[in-house]
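The values are calculated or read from the model by the stated rules, or taken from the named source; none is laboratory data. These numbers come from a predicted model, not from an experiment. Heads up, the Cβs are rebuilt from the backbone with ideal geometry, glycines too, and the neighbour counts pull from every protein chain shown. Just the protein is used for accessible areas: all its heavy atoms, side chains included, with ligands, DNA and RNA removed. Shrake-Rupley method; radii C 1.70, N 1.55, O 1.52, S 1.80 Å.
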Amino acid sequence: MNRIKRLSDLPKVTTAVIIICIAVFAFVHLNSLDGNSAEKAILCGAYYKPFIIAGEWWRLLTVGFVHTEIWHLAMNLFAMWNLGSLMEKVYGSVKFAAVLFLSVIFGSVFLFVMTGNSVSVGLSGGLYGLMTAEIYWIVRNGGLKNPQIKDSLIRTVIINAAINFVGGIAWQAHLGGAVCGILMAVILDHDPSAKTLRRNT
C-alpha cells in the first residue's frame with residue numbers, strides 16, 4: 001500500500017513527460033532504421049521548418065519530446081523533475097501541462113519566425129516557461145525576502161541566461177518559452193489552488 005501511495009504522489013504530467021522523452025531517445029538511437037540521428041529525430045517529431053511549412057504544425061509541440069544527445073536529455077530531464085515537482089503542485093496537473101506545452105509551442109513559434117531552415121530538438125522552451133513561471137510565483141510569495149532563495153534565484157537566472165551564448169543553442173526557443181511562462185503565470189495568478197498552496201508554503 002505504501003508503494004502504491006508513493007507512486008500516486010508522483011507529479012503525473014512531469015513523470016509522463018520524462019518517460020516519453022526517454023522512450024523517444026531510445027527509439028532514435030536503438031532502432032534499425034537507416035539514417036543519422038538528425039534524420040531519425042525528424043522522423044520522431046523534431047522541429048524542421050520545411051515540414052512545418054508543409055503543414056506538420058504538430059512539430060511545434062512534439063519537438064519537446066525529442067533529444068539526440070544523452071547530455072541534453074539528462075540536463076533537460078533533471079530540470080524537468082526539479083521544476084515539475086513544485087510547479088505541478090502549485091497549478092495542478094492540467095494547468096501545469098498548459099504552461100509547459102504552450103511554452104514549448106511558443107518557443108517553436110519564436111524559432112520559426114526568427115530563424116531559417118534548421119533541425120531543433122529538446123524541451124528547453126517548455127523548461128524556460130516553467131522557470132519564469134516559478135520565478136514569478138516565488139516573487140509573488142515574498143521569496144526574495146529570504147536571502148538564500150534570492151541568491152539561488154539570481155544564480156539560476158544568470159546560469160540560464162549564460163547558456164544562451166553557447167554555440168548551437170536555440171536561444172529563440174528559450175526566449176519564446178520564457179515569455180509564455182511569465183504570461184501564463186500572470187494569467188493563473190488568481191487560480192484558487194495556487195492561492196491555497198501559497199498560504200501553506
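Using +1 at the C-beta of Lys and Arg and -1 at the C-beta of Asp and Glu, which of 25, 45, 190 has the Cα lying farthest in the positive direction of the dipole of the chain?
So the residue we want is 190.
In whole percent, and with a 1.4 Å probe on the protein chains, what portion of the accessible area of the chain is carbon and sulfur?
Whole-percent figure for carbon plus sulfur exposure: 68.
Does anyone have the angle between helix 171-187 and the longest principal axis of the chain? Alpha-carbon axes, 0 to 90°, nearest 10?
Helix 171-187 and the main axis of the chain meet at about 40 degrees.
Just how large is the dipole of region 1-153 about the Cα centre, in debye to the nearest 20, putting +1 at every Lys and Arg Cβ and -1 at every Asp and Glu Cβ?
Roughly 600 debye for region 1-153.
Average projected area of the Cα convex hull of the chain, in nm²?
That works out to 13.0 nm², a quarter of the Cα hull's surface.
How big is the convex hull of the Cα atoms of region 16-99, per residue, in Å³?
95
Sorted by mean Cβ packing within 10 Å, highest first, what order do the peptides 22-30, 42-50, 9-17 take?
The densest-packed peptide leads the list: 42-50, 9-17, 22-30.
Which ³J(HN,Hα) values in Hz, rounded to whole numbers, follow from the phi angles of region 44-51 under the Karplus curve 6.51 cos²θ - 1.76 cosθ + 1.60, where θ = phi - 60° and Gly and Pro get x?
So the J values, rounded to whole Hz, are 8, x, 4, 5, 8, 4, x, 6.
Could you run the Karplus curve 6.51 cos²θ - 1.76 cosθ + 1.60 with θ = phi - 60° over region 153-162 and give me ³J(HN,Hα) per residue in whole Hz, x for Gly and Pro?
Here the 3J(HN,Hα) series is 5, 4, 4, 4, 5, 5, 4, 6, 6, 5 Hz.
Go ahead and estimate [θ] at 222 nm for the chain from helices alone: -39,500 (n - 2.57) per DSSP H run with n ≥ 4, summed, over the residue count, rounded to 500.
Using -39500 (n - 2.57) per qualifying helix, the result is -23500 deg cm²/dmol.
How would 88, 56, 134 line up by accessible area, probe 1.4 Å, largest first?
56, 134, 88
Between helix 124-140 and the chain, what is the angle of the helix's C-alpha long axis to the longest principal axis, kept within 0 to 90° and rounded to the nearest 10?
Tilt relative to the chain: about 10 degrees.
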